[in-house]
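Trainee: Mind having a look at this structure? Questions to follow.
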Amino acid sequence: MFRGLFAAASLLSLALASPALAETKAPSQKAKNVIVFLADAGGVPSVNAASLLGYGQPLKLHVQQWPHLGLSETSPVDAFVSDSANGMSAIMTGVKTHNGVISQGPDGARGKADGAPTKTLLEYAEEHGLRTGVVTSQPITDATPAATYAHANDRGKWGEIFQQALTPRFGDGVDVLFGTGRDKIGRQLTAAGTGFDQLAKAHNRPIYAKLEDAPAANARPIVVTEDEIDTRAATLRALDLLKGSPKGYLLVVEWDAHTDDPKEGLENIVNFDKLIAEIEKRVDLKDTLLLFTADHSFGLQVDGGKRGEPLLEGYDAWKAGERRGDIVRLKNVVVNRTHTGEEVVALATGAGAQGVRGYFPNTHLFEVVMDAWGWKK
Ligand SMILES: [Zn+2]
């Protein structure tokens, strides 16, 4: 018995000496680069359903293979259910606030009074000399991307938010900015007495209307499109532009995952997941942290169905019909078309990923990234 134990202990120390196992035991390496993948409204049930839709089976998404997992609580300071403004502000700044408020403290009041600006991970990265990028399938001034680079008491102030991308508080500001929303942002800029052309001239940064228009020579391109943007192409382009950065980079990618239209929303998650797998092949996890999470959950649930049968049976009839009302009732899926209050999943791999575990408030994700970089607030 004693002898057996001794032998087992020797085996264990031998095993620990082997590089593969020693790596999992060694104190984690610091991250040089961080990529945050934000599935907007991609709650746990939507992630589950995306795997069922995309692969006919659970647990088939790439991110579902990542080793570090936690449940991130998303509520604002004064309610149970979050919007994107509070949800993303809390992740980016480590401070929860009110719905509608972009990276300002809870002393702010939506549309009425500014709160103290809360410093974002992107601002910390700029201050430390990293290169930074924000890519979104949505308008570049929408609440989620805005919370990375701007501070505003109302998420609707797109003109003000966009101008802040060009007037940074730290470093030289966000280097790569790809998203949509050109028409509405343009109208708000006009109302404020400015416009894309004036801002481009004043800051010596062209603001392209298409991804293809940004020349390879421009290391800090801003693209604001009228229509849809190719989120995959935009993300790969952003990574190419940032990856050579000597001090590292922060890249934040948002892909909408609202399931008001269940097929569209779930397909977005499947495609986002494929993009994440592609990105992972292009980075070195020894010095790069990859984090996947959502800003808040959404009321989709799978409540029926059999393996081998289509998840979204009845979708075409629903789509062809009037599509009115708050509830979508398909054979196997029900969608209460609103944000919901339960925790969202946080998944991580790479340098500094081990801080993602257990239940925590979403502000913990800010700490995880700061710890991964080894920075103090
Ligand atoms: Zn959201």
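Trainee: With labels modelled as points extended 7 Å from the Cα through the Cβ direction, what inter-label distance (nm, one decimal) is found for residue 320 paired with residue 204?
Mentor: 6.0
Trainee: Would you look at the GNM of the chain, springs on alpha carbons closer than 10 Å, and say which of 75, 245, 51 moves the most?
Mentor: For the chain, modelled as a Gaussian network with Cα springs under 10 Å, the answer is 245.
Trainee: Along the charge dipole of the chain, pointing to its positive end and built from +1/-1 on Cβ of Lys, Arg, Asp and Glu, which listed residue (115, 289, 262) has its Cα farthest out?
Mentor: In the chain, that residue is 289.
Trainee: Still on this structure, please answer the following. Give me the tail of P(r) for the stretch 181-252 as a percent: Cα-Cα pairs with distance above 16 Å. Kindly include the intermediate steps, with their values, before the conclusion.
Mentor: Working: 1408 of 2556 pairs.
The proportion of pairs with Cα distances above 16 Å equals 55 percent.
Trainee: Assuming a viscosity of 1.567 mPa s and a temperature of 4 °C, what translational diffusion coefficient in µm² per second does Stokes-Einstein assign to the chain, Rh being the Kirkwood radius over Cα pairs? If you can, show how the numbers build up before the last one.
Mentor: Values: Rh = 21.6 Å.
The Stokes-Einstein estimate is 60 µm²/s.
Trainee: Still on this model: Using only the Cα atoms of the stretch 82-175, construct the convex hull and provide its projected area averaged over every direction, in square nanometres to one decimal.
Mentor: If you wrap the Cα atoms of the stretch 82-175 in a convex hull and average its projections, you get 5.2 nm².
Trainee: Given axes a ≥ b ≥ c from the Cα gyration tensor, I'd like to know whether the stretch 130-220 is rounded (a/c under 1.5), prolate (a/b larger than b/c) or oblate.
Mentor: Rounded.
Trainee: Among 126, 367, 278, which one shows the biggest mean-square fluctuation in a GNM of the chain, springs joining Cα atoms closer than 10 Å?
Mentor: Answer for the Gaussian network model of the chain: 278.
Trainee: Follow-up question, since we're still on this one. For every other residue with a beta carbon closer than 14 angstrom to the beta carbon of residue 82, add +1 if it is Lys or Arg and -1 if Asp or Glu, then tell me the sum.
Mentor: -4
Trainee: Between residue 169 and residue 278, what is the spin-label point distance in nm, taking each point 7 Å from the Cα along the Cα→C-beta axis?
Mentor: My value for the distance between the label points is 3.5 nm.
Trainee: Let me ask something additional. Between the DSSP loop rule and a limit of at most 16 other Cβ atoms within 10 Å, which GluC sites (Glu not before Pro) in the stretch 197-257 are left?
Mentor: 226, 228
Trainee: Determine, from the Cβ-Cβ distance of residue 376 and residue 190 and an R0 of 41 Å, the FRET efficiency 1/(1 + (r/R0)^6), rounded to the nearest 0.05. Don't skip to the answer; put the middle values down first.
Mentor: Working: r = 42 Å, r/R0 = 1.03.
Result of the calculation: an efficiency of 0.45.
Trainee: Give 263/286; 157/274; 274/306; 157/247; 30/263; 210/274 a once-over and call out the pairs whose C-alpha atoms are over 27 Å from each other.
Mentor: 263/286; 157/274; 157/247; 30/263
Trainee: Something else about it: So what are the ³J(HN,Hα) numbers for the stretch 89-100, from phi and the Karplus equation (6.51, -1.76, 1.60; θ = phi - 60°), rounded to whole Hz, Gly and Pro as x?
Mentor: So the Karplus estimates, Gly and Pro as x, are 4, 5, 5, 7, 10, x, 10, 6, 9, 8, 4, x Hz.
Trainee: From the Cα trace of the stretch 324-377, what convex hull volume per residue do you get, rounded to a whole Å³? It would help to have the intermediate numbers written out before the result.
Mentor: Details: hull volume 7.2 nm³, N = 54.
That works out to 133 Å³ per residue.
Trainee: What trypsin sites (Lys or Arg not before Pro) in the stretch 203-265 are in a loop by DSSP, with at most 12 other Cβ atoms within 10 Å of the Cβ?
Mentor: Filter output for the stretch 203-265: 247.
Trainee: Right, here's the next one. Determine the calculated [θ] at 222 nm for the chain from helices alone, applying -39500 (n - 2.57) to every DSSP H run no shorter than 4 residues and normalising by the residue count; nearest 500 deg cm²/dmol. If you can, show how the numbers build up before the last one.
Mentor: Working: 13 runs with 136 residues, N = 377.
Counting only the DSSP helices, I get -10500 deg cm²/dmol.
Trainee: Now for a different question. Give the peptides 157-169, 179-191 in descending order of average Cβ contacts within 10 Å, highest first.
Mentor: So the peptides 157-169, 179-191, ranked by packing, come out 157-169, 179-191.
Taken together, the values in this text are just the output of simple stated rules run on the coordinates, not laboratory data. The structure displayed is predicted, hence computed values, not measured ones. Positions of Cβ are generated from backbone atoms using ideal geometry, with glycine treated the same way; all protein chains shown enter the neighbour counts.
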